[in-house]
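K.L.:
My questions will all concern the structure given below.
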Amino acid sequence: MHTSSLRTRHIKRIIPIFNSTKINQTYLNHKSNTHLLGLLKEISSGIFAIQIFLFRYILNKSKRGKVMRISSDLGRKIIGLLISITTIASISYGQEKTTQQLTGHIQDNKGAFITGANIVIQNKSVWIGAVTDVEGFYAFEKIPNGKYIYKASFIGYKPVEFEIEITQEQSQQIDITLNPESVQIEDIQVNGKSILTQIKTLSYEVAAISALEFQNSNSDAQRILNKIPGVRILEDGGLGSSSTFTLNGFSGDQVKFFMDGIPMDNYGSSMSLADIPVNLIERVEVYKGVVPVWLGADALGGAVNIITKKRKKLLDVSYSLGSFNTHRLSVNGAYTNANTGFTIRTNAYYNYSDNNYKVWAPISNENNTIVDTAEVERFHDRYESKAIQVESGWLNKSFADHLLLGILAAGNDKEIQTGATMKTVFGGITRNSQSLVPTLKYQKKDFLIDKLNVHASASFNFTQSEYIDTLKGVRFNWLGESFNSTSSNGQQSEDGELLRTFTTMKDKEASSQLNFDYALSPMSSLALNYAYGYFHRDTKDKVNPDKIENQFPKSLNKHILGLSYQFNWNDKWNTTAFGKLLHINAKSSKQYDFALPTQRTEEYKSSSSSMGFGLASSYFIWPSLQVKASYEHTYRLPSPEEMFGDGFLIEANPEIGPEQSHNYNIGALFSKRFKTNHQVNIGGSFIYRDTKDLIYTVVSIASPVTHFENLSKTRVKGVEGNIKYQWKDIFHFGGNLTFQDITDQAKLVYNESYTGTGYQKNFHYGFRLPNKPYLFGNANLGFSWKDLCFDHSKYSLNYHFNYVEKYFLTWTEMGSNNDDYIIPRQLSHDIELSCNLHDGKYNISVECRNLLNDRLYDKYYLQKPGRAFYIKLRYNL
């Protein structure tokens, strides 16, 4: 992850540990293993000697003014190796009686738990070690009675050492606070906080979720995001269907998506959130409201950054088989040469589904009259997608800390079953898309001068998409029956099911970002980011080669310049101030003087500039209680799809303008461990948005086609909350709930018509926007067992519950008395059982979604799949 939030002149290094955050303690009987014990004791002593040597070596280098860089992956490898070997060498002599338990947790001077801290207890005959987990927790289950030296340590902190006594009568709890002891090596500091902990301490309102707990599930990026407070993803149907992402009242392109900091817009329509397998993901970061300058985004209400796995050596292969003939294959691999720093990474996936689940649908006859309603099977909804990405380059070299060149090839093929609503059903329309995306990623600390860090990325996307509707004079009903459609003169129609088209769109899209980060002082830093985006589309229609609007190429240029200043007042308080300058140029076509003798289509150009700014601050009232507040006046530029349409189901609107918003966020997070084994996390936030010219989707119940328009003035007021409880690593439960009131606040609207042009009364004033859930949440409950049937095994049982309150498909005053315009309350239940063997090397999981087979709907009253079963096999090395 790249970040511009250098808050001190020391570079914070994150050293994650292995997925297994607790190391099993090994006890060996010296009577039957005398020679082995002696060997292990010698190995253990040698390890400590190596640790002392490395520490002294670092100090000597520091004194000589030499630069030494410790990468997070290298640190993980060294520390993991030392911990593994010394843990194997944990020795217990004799047959003494044992106490029940020695437990505790390790935290820093700010109260944040430390992941990967080493705890050792030893005397003349016994040496036992353990490592803290992600919550700073450790446990020794069986310890011989006696007196011991207790040692707790972690790189970057002063070690703690004292004497303890273990007796049979009682369990003991020892909680330790480690104080920082920076080892400065040319302004480099090794710091012990986990990545998720560091993200949560940022001044931005950000939710970070690790994907590790979902690795054995059938999840994808979309399903992980749907578990975050304030997030709701509205789907058109099953695998491969279109979806709309909503975050705290904002949706669609108002929220920007990134993969490792590169805009996902540049991956084209060939890759969607539902396509990305969970085994590719390390974690997901969701920025609510204020978006960091370093992302270079013109988001209106937030951003999502998907961080992929960065392990130097990796092999992760999974295959999933499920209902509706669903198949999902994922392969992730990486290799890095320790001597040369050369690395190569490969990610590939394949997804397929017939999506032939049952829906409750209206049945029409040959006269296109609704004669019945029945449960029928979708018959034209097959989806297939595949992608492969290869990156290679160098790590930790003198010319770059990180230099990767890559290529992504992706494609999908989709049968279209419906339009924007289920009123219209198709039996022959298809779309497909292919993308080729070369990429470049570069990072360098101390670039040209000390304390200046640079991060650059660039990508170029070439995508070809086709929409095919060539069945002439035919229409279908939900039973899959076909009928001849006639024109007004009674003859068989020459039209297609919708438009009669074979449209090919060739999109060229380039994106680049350049970010500089400079530490002004130990308390402050400055970041500058420039992002450039270019889009060009050529459209051809084989069926209608003379279509006038296709004669005009469509292009768009975006420039975003951002500057931020971050200041650490003290250990408790940090603040970031920022500003953004945005500019857009667009070129398309527009129809003038509709239905008049002078009607014509001509080239249309538009240009606009905007400036946004904001402030975000975070403060720790207590080590366990953090509060955050932010304000931003932000702009979002229209996307190519909003301006140019998609050539088929989304109509163009070249006159659509930028949207702007005043965003306010106030939040708090409480995180504390009680009595060692009990961990509680409680969070909540209040959201207020005052938005002008909101870009929203206009839907007609009777038409499968949509388009985008600006809504003069809207307001969002929302509250979200979440809670999580965990007992050891055996039991957990949690949940979140979001309420968002999104209303039209324009008393007057400007209207152009033949009968009169000017401002008129807005009859939607004060009503909620249609097709947007206002109350939703989810909950989860889980159990885990270790070594139940086999050693080094783990078993998990998880239950998930999703809830969405009923909401209106249309403006509330228009649909309040008609059930056809109300999307009913949604309640769904999922259950999952997983097992991993050999410390996670071999994994199997089974899952049932929509356990009670409820009818579930999302946007535009489109029905989602019923009960479905999945099984997943995974090999992880």
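K.L.:
Look through Y635, Y604, Y619 and report the one residue that is in contact with a Lys or Arg (Cβ under 7 Å, 6 or more places away or on another chain), modelled with pLDDT under 90 and not hydrophobic (A, V, I, L, M, F, W, C). Outline the logic, then answer.
P.N.:
On the way: Y635 fails: in contact with a Lys or Arg (Cβ under 7 Å, 6 or more places away or on another chain); Y619 fails: modelled with pLDDT under 90.
Among Y635, Y604, Y619, only Y604 is in contact with a Lys or Arg (Cβ under 7 Å, 6 or more places away or on another chain), modelled with pLDDT under 90 and not hydrophobic (A, V, I, L, M, F, W, C).
K.L.:
Residue check: is I695 within 25 Å of the chain's Cα centre (by Cα), in a strand (DSSP E or B) and closer than 30 Å to I174 by Cβ? Show your work before the answer.
P.N.:
Numbers: within 25 Å of the chain's Cα centre (by Cα): yes; in a strand (DSSP E or B): yes; closer than 30 Å to I174 by Cβ: no.
No, not satisfied.
K.L.:
Going through F516, F502, F567 one at a time, which residue ends up being in a strand (DSSP E or B) and under 25 Å from the mean Cα position of the chain (by Cα)? Full working, then the answer.
P.N.:
Working: F502 fails: under 25 Å from the mean Cα position of the chain (by Cα); F567 fails: under 25 Å from the mean Cα position of the chain (by Cα).
Matching residue, one of F516, F502, F567: F516.
K.L.:
Among the listed residues R283, R232, which satisfies the condition of being among the basic types (K, R), more than 26 Å from D646 (Cβ to Cβ), assigned to a strand (DSSP E or B) and in contact with a Ser or Thr (Cβ under 8 Å, 6 or more places away or on another chain)? Even if it seems obvious, please write down each step before you answer.
P.N.:
Details: R232 fails: more than 26 Å from D646 (Cβ to Cβ).
Only one candidate qualifies: R283.
K.L.:
Has the range 585-595 got at least one residue that is closer than 21 Å to N665 by Cα, touching a Leu at 6+ places or on another chain (Cβ under 7 Å) and surrounded by 14 or more Cβ atoms within 10 Å (Cβ to Cβ)? Lay out the reasoning, then the answer.
P.N.:
Going residue by residue through the range 585-595, those that are closer than 21 Å to N665 by Cα are none.
The answer is no, given that none of the residues of the range 585-595 is closer than 21 Å to N665 by Cα, touching a Leu at 6+ places or on another chain (Cβ under 7 Å) and surrounded by 14 or more Cβ atoms within 10 Å (Cβ to Cβ).
Condition check ((1) hydrophobic (A, V, I, L, M, F, W, C); (2) at negative phi) across all residues:
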site: N248; (1), (2): no, no
site: S251; (1), (2): no, yes
site: F257; (1), (2): yes, yes
site: L273; (1), (2): yes, yes
site: I306; (1), (2): yes, yes
site: Y319; (1), (2): no, yes
site: S330; (1), (2): no, yes
site: A348; (1), (2): yes, yes
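K.L.:
Determine which member of the set R825, R867, R855 is charged (D, E, K, R), out of contact with any Leu (no Cβ under 7 Å at 6 or more places or on another chain) and over 16 Å from R232 (Cβ atoms).
P.N.:
Numbers: R825 fails: over 16 Å from R232 (Cβ atoms); R867 fails: out of contact with any Leu (no Cβ under 7 Å at 6 or more places or on another chain).
Result: R855 is the single residue among R825, R867, R855 that is charged (D, E, K, R), out of contact with any Leu (no Cβ under 7 Å at 6 or more places or on another chain) and over 16 Å from R232 (Cβ atoms).
K.L.:
Still on this structure, please answer the following. Considering only residues of the range 245-260 that are open to solvent by 30 Å² or more (accessible area, probe 1.4 Å) and either assigned to a loop (DSSP other than H, G, I, E, B) or at pLDDT 75 or above (or both), which is nearest to V291 (Cα to Cα)?
P.N.:
F257
K.L.:
So which pairs qualify, if the first residue must be in the range 636-651 and in contact (Cβ under 8 Å) with a residue 12 or more places away in the chain, the second must be assigned to a helix (DSSP H, G or I), the Cβ gap must be under 7 Å, and the two must be at least 6 apart or on different chains?
P.N.:
Filtered contacts from the range 636-651: R636/Q254; S639/D253; E642/D253; I650/E641.
K.L.:
Do we have L498 as modelled with pLDDT of 90 or more, farther than 19 Å from D265 by Cβ and not basic (K, R) here? Please lay out each step first, then the result.
P.N.:
Numbers: modelled with pLDDT of 90 or more: no; farther than 19 Å from D265 by Cβ: yes; not basic (K, R): yes.
In short, no.
K.L.:
Taking the range 161-190, which residues are closer than 21 Å to K675 by Cβ, open to solvent by less than 50 Å² (accessible area, probe 1.4 Å) and either modelled with pLDDT of 85 or more or of a type in the set (A, V, I, L, M, F, W, C) (or both)?
P.N.:
Across the range 161-190, the qualifying residues are I164, I166, I174, I176, L178.
K.L.:
Taking the stated definitions as given, is D854 charged (D, E, K, R), at pLDDT 90 or above and part of a loop (DSSP other than H, G, I, E, B)?
P.N.:
Details: charged (D, E, K, R): yes; at pLDDT 90 or above: yes; part of a loop (DSSP other than H, G, I, E, B): yes.
So D854 passes the test.
K.L.:
Oh, and also: Here are some residues: S433, S493, S487. Which one is polar (S, T, N, Q), over 22 Å from L404 (Cβ atoms) and out of contact with any strand residue (DSSP E or B) (no Cβ under 8 Å at 6 or more places or on another chain)? Break it down into steps so the answer makes sense when it comes.
P.N.:
Working: S433 fails: out of contact with any strand residue (DSSP E or B) (no Cβ under 8 Å at 6 or more places or on another chain); S493 fails: out of contact with any strand residue (DSSP E or B) (no Cβ under 8 Å at 6 or more places or on another chain).
None of the others qualify; the one that does is S487.
K.L.:
Of all the residues that make up the range 677-692, how many are surrounded by fewer than 19 Cβ atoms within 10 Å (Cβ to Cβ) and not small (G, A, S)? Break it down stepwise before answering.
P.N.:
Looking only at the range 677-692, we keep the residues that are surrounded by fewer than 19 Cβ atoms within 10 Å (Cβ to Cβ), and these are 677-678, 680-682, 684, 686, 688, 690, 692.
Now drop any that are not not small (G, A, S), which leaves 677-678, 680-682, 686, 688, 690, 692.
Count: 9.
K.L.:
Answer yes if at least one residue in the range 466-473 is crowded, with 20+ Cβ neighbours inside 10 Å and not in a loop (DSSP other than H, G, I, E, B), and no otherwise.
P.N.:
Within the range 466-473, one or more residues are crowded, with 20+ Cβ neighbours inside 10 Å and not in a loop (DSSP other than H, G, I, E, B).
K.L.:
Evaluate the range 132-144: report whether one residue or more is touching a helix residue (DSSP H, G or I) at 6+ places or on another chain (Cβ under 7 Å) and either modelled with pLDDT of 80 or more or not in a loop (DSSP other than H, G, I, E, B) (or both). Give the derivation first.
P.N.:
Within the range 132-144, the subset touching a helix residue (DSSP H, G or I) at 6+ places or on another chain (Cβ under 7 Å) is none.
No, the range 132-144 contains no residue that is touching a helix residue (DSSP H, G or I) at 6+ places or on another chain (Cβ under 7 Å) and either modelled with pLDDT of 80 or more or not in a loop (DSSP other than H, G, I, E, B) (or both).
K.L.:
Quick check on L615: is it touching a residue at least 24 places away in the same chain (Cβ under 8 Å) and not charged (D, E, K, R)?
P.N.:
Values: touching a residue at least 24 places away in the same chain (Cβ under 8 Å): yes; not charged (D, E, K, R): yes.
Spelling it out, L615 is indeed touching a residue at least 24 places away in the same chain (Cβ under 8 Å) and not charged (D, E, K, R).
K.L.:
Here's a follow-up. Taking the conditions exactly as written (charged (D, E, K, R), part of a loop (DSSP other than H, G, I, E, B) and in contact with a Leu (Cβ under 7 Å, 6 or more places away or on another chain)), does D446 satisfy them or not?
P.N.:
Details: charged (D, E, K, R): yes; part of a loop (DSSP other than H, G, I, E, B): yes; in contact with a Leu (Cβ under 7 Å, 6 or more places away or on another chain): yes.
It is true that D446 is charged (D, E, K, R), part of a loop (DSSP other than H, G, I, E, B) and in contact with a Leu (Cβ under 7 Å, 6 or more places away or on another chain).
K.L.:
Please determine, by comparing only the residues of the range 390-403 that are touching a Leu at 6+ places or on another chain (Cβ under 6 Å) and open to solvent by less than 20 Å² (accessible area, probe 1.4 Å), which one is farthest from N332 (Cα to Cα).
P.N.:
G393
K.L.:
If you go through the range 641-658, how many residues are in a helix (DSSP H, G or I) and open to solvent by 30 Å² or more (accessible area, probe 1.4 Å)? Steps first, please.
P.N.:
Pass one, the range 641-658, residues in a helix (DSSP H, G or I): 641-644.
Going one step further and asking which of them are open to solvent by 30 Å² or more (accessible area, probe 1.4 Å), we end up with 641.
Of the residues in the range 641-658, 1 are in a helix (DSSP H, G or I) and open to solvent by 30 Å² or more (accessible area, probe 1.4 Å).
K.L.:
Limited to the range 599-640, what total is found for residues that are surrounded by fewer than 17 Cβ atoms within 10 Å (Cβ to Cβ) and over 30 Å from L669 (Cβ atoms)?
P.N.:
10
K.L.:
Among the residues of the range 659-668, is there at least one that is in contact (Cβ under 8 Å) with a residue 12 or more places away in the chain, more than 30 Å from I621 (Cβ to Cβ) and buried (at least 17 other Cβ atoms within 10 Å of the Cβ)? Explain how you work it out, then say what you get.
P.N.:
In the first step, residues of the range 659-668 are kept if they are in contact (Cβ under 8 Å) with a residue 12 or more places away in the chain; the result is 659-668.
Applying the additional criterion that residues be more than 30 Å from I621 (Cβ to Cβ) yields 659-660.
With buried (at least 17 other Cβ atoms within 10 Å of the Cβ) added as a condition, the list becomes 659-660.
Yes - at least one qualifying residue is present in the range 659-668.
K.L.:
Any idea how many residues of the range 732-742 are open to solvent by less than 50 Å² (accessible area, probe 1.4 Å) and either of a type in the set (K, R) or more than 15 Å from N771 (Cα to Cα) (or both)?
P.N.:
So in the range 732-742, the residues open to solvent by less than 50 Å² (accessible area, probe 1.4 Å) come out as 732, 734-736, 738, 740-742.
From what's left, either of a type in the set (K, R) or more than 15 Å from N771 (Cα to Cα) (or both): 732, 734-736, 738.
Counting residues in the range 732-742 that are open to solvent by less than 50 Å² (accessible area, probe 1.4 Å) and either of a type in the set (K, R) or more than 15 Å from N771 (Cα to Cα) (or both) gives 5.
K.L.:
Let me ask another. Filter the range 491-516 for residues that are of a type in the set (S, T, N, Q) and either surrounded by 15 or more Cβ atoms within 10 Å (Cβ to Cβ) or under 30 Å from L452 (Cα atoms) (or both) and give the result. If you could, list the steps in order and put the result at the bottom.
P.N.:
Step one: filter the range 491-516 for residues of a type in the set (S, T, N, Q), giving 491-493, 501, 503-504, 511-513, 515.
S493, T501, T503, T504, S511, S512, Q513, N515, listed by residue number.
K.L.:
For S488, which of the numbered conditions (1) small (G, A, S); (2) surrounded by 18 or more Cβ atoms within 10 Å (Cβ to Cβ); (3) at pLDDT below 90 fails to hold?
P.N.:
(2)
K.L.:
Being closer than 25 Å to T430 by Cβ and out of contact with any strand residue (DSSP E or B) (no Cβ under 7 Å at 6 or more places or on another chain) is the filter here; which residues of the range 369-409 pass it?
P.N.:
Answer for the range 369-409, where residues must be closer than 25 Å to T430 by Cβ and out of contact with any strand residue (DSSP E or B) (no Cβ under 7 Å at 6 or more places or on another chain): just F379.
K.L.:
Continuing with the same structure: Taking into account only those residues within the range 299-329 that are without any contact (Cβ under 8 Å) to a residue 40 or more places away in the chain and assigned to a strand (DSSP E or B), which is farthest from the chain's Cα centre (by Cα)? Reasoning before the result, please.
P.N.:
Quick first cut of the range 299-329, residues without any contact (Cβ under 8 Å) to a residue 40 or more places away in the chain only: 309, 313, 325, 327, 329.
Of the ones still in play, those that are also assigned to a strand (DSSP E or B) are 327, 329.
Values: H327: 23, L329: 20 Å.
Per the criteria, the residue is H327.
The values are calculated or read from the model by the stated rules, or taken from the named source; none is laboratory data. Remember, predicted model here, so these are calculated numbers, not experimental data. Glycine also receives a Cβ, built like all others from the backbone with ideal geometry; neighbour counts cover every protein chain displayed. Surface accessibility is based on the protein's heavy atoms, side chains included, excluding ligands, DNA and RNA. Shrake-Rupley method; radii C 1.70, N 1.55, O 1.52, S 1.80 Å.
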